[in-house]
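The values are calculated or read from the model by the stated rules, or taken from the named source; none is laboratory data. Please read all numbers here as calculations on a predicted model, not as lab measurements. Backbone-built Cβ (ideal geometry, glycine too); neighbour counts: all protein chains shown. Heavy atoms of the whole protein, side chains included, go into the accessibility calculation; ligands, DNA and RNA do not. Shrake-Rupley method; radii C 1.70, N 1.55, O 1.52, S 1.80 Å.
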Amino acid sequence: MDRAALADTDCGISQALGVMGDGWTFLIVRDIAGGTTRFDALQRALGVSRRALTERLGRLVEHGVLQRRQYSAHPPRFDYLLTPKGEGLLPVLVALQDWGTRHVMGSGTLTATADGASAEARRVRTLTGRRLPAVTLTAHDGTPVDLGTRVSWTVLYCFPGAFAPDAHGYPPGWGDIPGAAGCTLESLTYAARHPAFLAKSTEVYGVSTQRPDQLAAFVAHARLPFPLLSDQDSALAAGLLLPTFRAAGVDRLKRLTLLVDPTGTIREVQFPITDPAASVDDVLATLGRLTAP
C-alpha cells in the first residue's frame, strides 16, 4: 500500500503512517527528542544518506511535526525542533521502546526492573556522559522545572509510582510486578538523607509519570522536603529512552537514578536498583567521590 492509499483511509493508524512514512522517520524523531537537532549530527548518528534525511526532515516539517529554527545565516543552517504536534509522538516512542524491550528482546514478562546483563541495562548505562535534554517537567505544586538549565549537582531518581494511602490506591496487581514495590521507602530515605545532599549543594528530585496531583498527595503524606516531578507526557522518558513498563493502562518509569553535574551532564547511572534504600547511600558516596577536591 503506497502513502497516497494510506492517506485516503479513515483509519488513524493509516493516516499516522502516511505522515511518519518508515522506520527512519521514527528514529529521526527519537534523536531530536534526545537533543540531536542539527542536520550533520543527525546524519552521523543515524548513518542514513543525506538525501534520505533531507526528504524525511522536509516531510516532517511539511506536516507540522518539526519546525526549523535558524542558528546561522551565512551559510543558512537550522535546528530541527519538535512542535507540539511532534511532542504528541513521544508516548508512541516510549510504547515502541517498551514493546521492543519486553516482547522482542525479552521474554514478554511484565517487570519493573531488569537483569544487570540485559540489553536494556547496557543501553541505560550508555547515558553516562550524555547531556540532559531541554525538558521542562511540572513539579507536584505546579511549578515548571527546566532540567536543561542545571547549575548545581542534581539527583534525579525515577520511580514507578508512589501513592498516598488516603488519596490514591495502588494499581491492581502492583505487588506482583517485580521491582514495582519500594517507592515509598526510596523517597523516605532520600528525605532522611536530604541534609547530606544539601551540604554538598545538590538538588534532589523524584520523577514519575504520575499526575502532579497524585505526586502532591504523596509529598504531603510523606512530608518530603524536595519536589517530585511529573513526566506524564513522556518528555524525559522519550528524550533519554528511559526504561519503562506499562501497568494499569499507564506507562511507568522503571526505578533508576541519574546523577547530573552542574553542566547538565549525566555522570552516574544506577540501574537496575535492587535495594532502593541502599541506592541512596550509594549516590551520596558517588557524589562525594566526584566532588572531592
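Laid out as a table, the results:
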quantity	calculated
Percent RCO, i.e. relative contact order, over the stretch 1-98, from Cα pairs under 8 Å lying at least 6 residues apart	22 percent
For the stretch 196-208, Karplus couplings with θ = phi - 60° (6.51, -1.76, 1.60), whole Hz, Gly/Pro x	5, 5, 4, 5, 9, 6, 10, 8, 10, 9, x, 10, 9
Where labels lie 7 Å past Cα in the beta-carbon direction, separation of GLU62 and ARG223 in nm	6.1 nm
Surface accessible to a 1.4 Å probe, per residue, for the residues of the stretch 156-293, Å²	38 Å²
Debye log10 I(q)/I(0) at q = 0.18, 0.20 Å⁻¹ for the stretch 51-192, Cα point scatterers	-1.43, -1.49
Length-normalised contact order of the chain in % [C-alpha pairs under 8 Å, at least 6 apart]	21 percent
Carbon and sulfur %, accessible surface of the chain computed with the full protein complex present, 1.4 Å	54 percent
5 angstrom amide H check on LEU229, placed H, neighbours 5+ away	GLY206, VAL207, SER208
Contour minus Cα-Cα distance for PHE26 and LEU198 (0.36 nm per residue)	57.9 nm
Whole-Å distance, taken between Cα centres, linking the stretch 203-258 and the stretch 41-89	30 Å
Solvent-accessible heavy-atom area per residue, rounded to whole Å², over the stretch 27-112 at 1.4 Å	56 Å²
Share, in percent, of DSSP beta bridges within the chain that are antiparallel, nearest 5	75 percent
Nearest 10 degrees, 0 to 90: helix 23-33 Cα axis against the chain principal axis	50 degrees
Contour excess over end-to-end distance, with Cα ends at ALA181 and SER152 and 0.36 nm allotted per residue	7.4 nm
With Cα atoms, 0 to 90° folded angle of helix 212-222 axis to the chain main axis	10 degrees
Probe 1.4 Å, all protein chains present, accessible-area order of THR274, THR209, largest first	THR274, THR209
Crossing angle, helix 50-62 versus the chain [Cα axis fit, 0-90 degrees, rounded to tens]	80 degrees
Full-stretch length increase - GLN15, ARG50 - with 0.36 nm per residue and alpha-carbon distance subtracted	10.0 nm
The chain: calculated mean residue ellipticity at 222 nm from DSSP helix runs of at least 4, using -39500 (n - 2.57)	-11500 deg cm²/dmol
Packing-based order for 30-37, 226-233, 147-154, using average beta carbon neighbours within 10 Å, highest first	226-233, 30-37, 147-154
Heavy-atom accessible area ranking, 1.4 Å probe, most first, across TYR205, TYR190	TYR205, TYR190
Quotient of C-alpha Rg and 2.2 N^0.38 Å, computed over the chain	1.05
